[in-house]
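Below: one structure, written as structure tokens.
The values are calculated or read from the model by the stated rules, or taken from the named source; none is laboratory data. Fair warning: this is a prediction, and the values are worked out from it, not measured in the lab. Reconstructed Cβ throughout: ideal geometry from the backbone, glycine too, with neighbour counts over all protein chains shown.
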């Protein structure tokens, strides 16, 4: 029972995988032309797969035919198109291509004649019985049987097939069933062989579909003497045919049931995925809002820090200007002091000269007194000069120290601004990486994600982000999600137990219906 109501066939698409690509067909049109598609859609399965490689020209013609559009059959795609028509049960296409092949007299590419090779090897074995134990000869016989089995439908119309020994012929047909035997050709071959060599036809009766036989053909088989002489072969064949048909019918019912259950599970998964995606989107939007608010707050803080830096710079400029004024004033004072000292020195020298003159006059006491006074004056002048220099140097050192402190404060503020800017860039890079990752998270196998960071290299830049920075943040997110999945793993045992209980209930229900029908 479907959990969700299905759409009308006129709007549904049938998905067909071929050559590792997904192709879509209108479901209503495809089911009208293809028996296999009709069976899948009947089981509520709108997907199919062509497991072997098909040329682009052939698939293009096949696709057009399935959509009831004009298509072109060529010498290159005729046989491959015929095989696709047989595989998907499209009688109209099969008839059209067969008529084209017959009208053009086309033949399949020469892949050898395994039937002729088999007949030759069997004749050699009959002439030389020792070959039965020859390993190389046994391998050649096995290869010939496989080759004939692969082309069995083609050889059913070949007169040489009736020359093969019954046991070998039966082995060929057993292997040929893997490649889909054309039952009508097989029936024609068996009935013809029943007239000429009935002992060979009897084993083949075990593998024909008796439902396709006409009443006259059934009567002919029933009247054949060899059927009774070879261990009641007719009844064995009829019984085995009935068993096979029954098993095929049961297998088809089981397959349809499982396909239906798989479709229901697929729809449940789609619903759960949509819910999870909606939840993730809401969480993402909330996180984006939070990050935007954080970015706005940090922008305000940056403005305040820039204003503080400007104010500090202004104070520092005023302090430098004041320092320059004081230095200029002290420099003028030093020049004045120097001039004063020079004047004092000149006065001292003049006094000294006068003292010398007085000494020359013979006033030794006066000379001694003057010398002492000169000495005292020079010492006092030197002391005063040292005091002036010491006071000036101390003031200059204090001003220089204050200037260094202000410069260090400005450097710290610049570093803090750079740190905040880097954090903002990391935040926006993380947001961008999360956006890119969420976009291809559920369908990465359908996308080419190798160039997903190219949008961050194009101009204009998104949020002025660098592609390498976004890729680095994505690795951090992947590591975070990996640790989260390890911390909170999926309860696989619970899921398996639940699935087994559901399958058991459905199996019991189906078994009960079957027994009621049988009763």
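Here residue 386 does not fit the description of being surrounded by 12 or more Cβ atoms within 10 Å (Cβ to Cβ), at negative phi and at pLDDT 75 or above. Listed by position, the helices (runs of 4 or more DSSP H) enclosed by the stretch 49-129 that each have at least 1 residues that are under 17 Å from residue 151 (Cα atoms) and at pLDDT 90 or above are 78-87, 91-104. Condition first: surrounded by 13 or more Cβ atoms within 10 Å (Cβ to Cβ) and either modelled with pLDDT of 75 or more or touching a helix residue (DSSP H, G or I) at 6+ places or on another chain (Cβ under 6 Å) (or both). Can you find one or more residues in the stretch 271-278 that meet it? Within the stretch 271-278, one or more residues are surrounded by 13 or more Cβ atoms within 10 Å (Cβ to Cβ) and either modelled with pLDDT of 75 or more or touching a helix residue (DSSP H, G or I) at 6+ places or on another chain (Cβ under 6 Å) (or both).
One residue alone among 294, 341 is under 30 Å from residue 423 (Cβ atoms), assigned to a helix (DSSP H, G or I), touching a residue at least 24 places away in the same chain (Cβ under 8 Å) and in the same structural domain as residue 409 (by TED's automatic domain parsing), and that residue is 294. Checked against (1) at pLDDT below 85; (2) over 26 Å from residue 86 (Cβ atoms); (3) surrounded by 13 or more Cβ atoms within 10 Å (Cβ to Cβ), residue 141 meets all criteria but (1). Within the stretch 399-419, residues that are in the same structural domain as residue 327 (by TED's automatic domain parsing) sit with their Cβ atoms under 6 Å from residues that are part of a helix (DSSP H, G or I) and surrounded by 12 or more Cβ atoms within 10 Å (Cβ to Cβ), at 6+ positions apart or across chains, in these pairs: 399/323; 406/316; 410/312; 413/309; 417/305.
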